[in-house]
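This report refers to the structure that appears directly beneath it.
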Amino acid sequence: MYWNQDLETIDRPALERLQLSRLRAALERSVRAPFYRTFFETHRVDIDTITTLEHLRDLPFTTKADLRTSYPDGMMAVPRRDVVRLHASSGTTGKSTVIFYTQKDISEWADLIARSMVATGATPDDVFQNMMGYGLFTGGLGLHYGAERLGCLVIPSSSGNSLKQLQLMQDFQATIMHITPSYALHLVEIIKENGVDPHDLTVKKAYLGAEPYTEATRKKLEELWGMDAYNSYGLSEMNGPGVSFECVHKNGMHVWEDFYIIEIIDPDTGAVLPDGAEGELVLTHVNREAMPMFRYRTRDLTRIIPEPCPCGRTHRRIERIKGRTDDMFIIGGVNIFPSQIEAVLMAIPEVGNNYQIVLERDGSLDKVHVKVELYSKMFHGDMKELQTLRKKITEIVRSTIIVNPVIELMEPGSLPPSQGKAVRVIDNREQR
Ligand code: ADP
Ligand code: ZN
């Protein structure tokens, strides 16, 4: 099932022609923004020479820093009266940045979301409970408009307030939820504590995104809830969610290439890598009016899956995001991504639904502490059992990250619960 079959199954040459004509138009529009006039001048780029998709590489990258220096409206490429909305990024990595949309931008964004939802099998019969924060964050309103466009009954419950979420879910028979993976892990526990078996709920699908998580976490959530979980990737700089979404095959996320040009680069050298190689995702939005964005460095690590998808969509897929380049930490010379630790933890049956990584400096030595919540039944046995388990977890994590971790076993609910984007790593090393 497609939302727009012609565009979703468009052949590659036609797709590339469309990308190029949209890119040309976006470049011409962009010089109305003070930021871009200066930017192209400083980098000595003549946009009239960008006449093929390969020429895109002649443009310099843009980064979060550019969004910050052009704050508040240096990147606005239309008169202010044509702008109908702004959103701001959640500021996970510093001062927040702002994105503008015209009426057409909002409408096209809603279409991309509707397209994504249909790719997961959603229909107007679905009841969609949107547990992402409403407001400046793009996750709430972004999906909201798309689900309405598709014709779902939308419950704009926003994040948090777990008992209310449960009640709404039951009273209106929600079939799809949109939620961060970390909040989904927390909410399912609250539901069980209230004597409800999550498998008895009507929820059959979840869209999980806004933060990195592993395949092991997806599997765990699917089992705990009794549902199918689909990966959803987006970032405010590219509208928000709806950049890339899994289809029913749940095997990598289609990037909607009629709107976004994908490149994968070596994060150290900036060189463009071939399809299939892992690196940093760089995105160009070819269609936005209010705020064009070219070759934006997402800092997210992934790879393009070059093989065609059995669903028939010709838009290429990217693999689950491994982490952000700036999430990586170095301990004793070893590069470690939180996702490596999460992947092994979530596959251990005794491990509960929350964990936290704390980096400490002990003299000249850096130490990785991993605080792991266990299921409560684990605390009813004897100490020996817990010690054996601690050894087992230490060994599993050590063999993955090649660094000796300090594992701390915690009772369920003792780590701060997540209602939105989880904070997985706390770095106490600088303060010492
Ligand atoms: P901020 O950059 O301040 O966190 P955003 O709300 O724009 O603000 O967050 C976008 C970022 O969230 C992405 O760049 C990515 O790092 C992360 N993200 C979003 N969806 C996913 C996903 N499905 N998997 C992994 N990371 C994701
Ligand atoms: Zn597909």
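Numerical summary
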| item | result |
| --- | --- |
| Restricting region 140-158 to residues that are closer than 15 Å to PRO241 by Cα and of a type in the set (A, V, I, L, M), the residue that is surrounded by the most Cβ atoms within 10 Å (Cβ to Cβ) | LEU143 |
| Complete set of residues in region 220-256 that are charged (D, E, K, R), more than 10 Å from ligand 1 (Cβ to nearest atom) and within 17 Å of the chain's Cα centre (by Cα) | LYS250 |
| Qualifying positions in region 314-335 - open to solvent by less than 10 Å² (accessible area, probe 1.4 Å) and modelled with pLDDT of 95 or more | HIS315, ILE318 |
| Every pair of residues 6+ apart whose Cβ atoms lie under 6 Å, when the first sits in region 231-251 and is at negative phi and not assigned by TED's automatic domain parsing to the domain that holds MET291 while the second is near ligand 2 (Cβ under 9 Å from one of its atoms) and open to solvent by less than 10 Å² (accessible area, probe 1.4 Å) | none |
| Matching strands (runs of 3 or more DSSP E) fully within region 251-313 where at least 1 residues are within 16 Å of ligand 2 (Cβ to nearest atom) | 253-255, 260-265, 293-305 |
| Filter result (at pLDDT 95 or above, aliphatic (A, V, I, L, M) and not in a loop (DSSP other than H, G, I, E, B)) within region 37-65 | ILE47, LEU56 |
| Among (1) in contact with a helix residue (DSSP H, G or I) (Cβ under 9 Å, 6 or more places away or on another chain); (2) away from ligand 2 (no atom under 16 Å from the Cβ), the one test that ASN161 misses | (1) |
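For every residue, the table says whether it meets (1) within 20 Å of HIS144 (Cβ to Cβ); (2) open to solvent by 10 Å² or more (accessible area, probe 1.4 Å); (3) in contact with a strand residue (DSSP E or B) (Cβ under 7 Å, 6 or more places away or on another chain); (4) modelled with pLDDT under 95.
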position: PRO212; (1), (2), (3), (4): no, yes, yes, yes
position: LYS219; (1), (2), (3), (4): no, yes, no, no
position: LEU224; (1), (2), (3), (4): no, yes, no, no
position: GLY234; (1), (2), (3), (4): yes, yes, yes, no
position: GLY242; (1), (2), (3), (4): yes, no, yes, no
position: PHE245; (1), (2), (3), (4): yes, no, yes, no
position: LYS250; (1), (2), (3), (4): no, yes, yes, no
position: ILE261; (1), (2), (3), (4): no, yes, yes, no
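The values are calculated or read from the model by the stated rules, or taken from the named source; none is laboratory data. All of these numbers come straight from a predicted model, not from anything done at the bench. As a convention, Cβ positions derive from the backbone with ideal geometry for all residues, glycine included, and neighbour counts pool all protein chains shown. Just the protein is used for accessible areas: all its heavy atoms, side chains included, with ligands, DNA and RNA removed. Shrake-Rupley method; radii C 1.70, N 1.55, O 1.52, S 1.80 Å.
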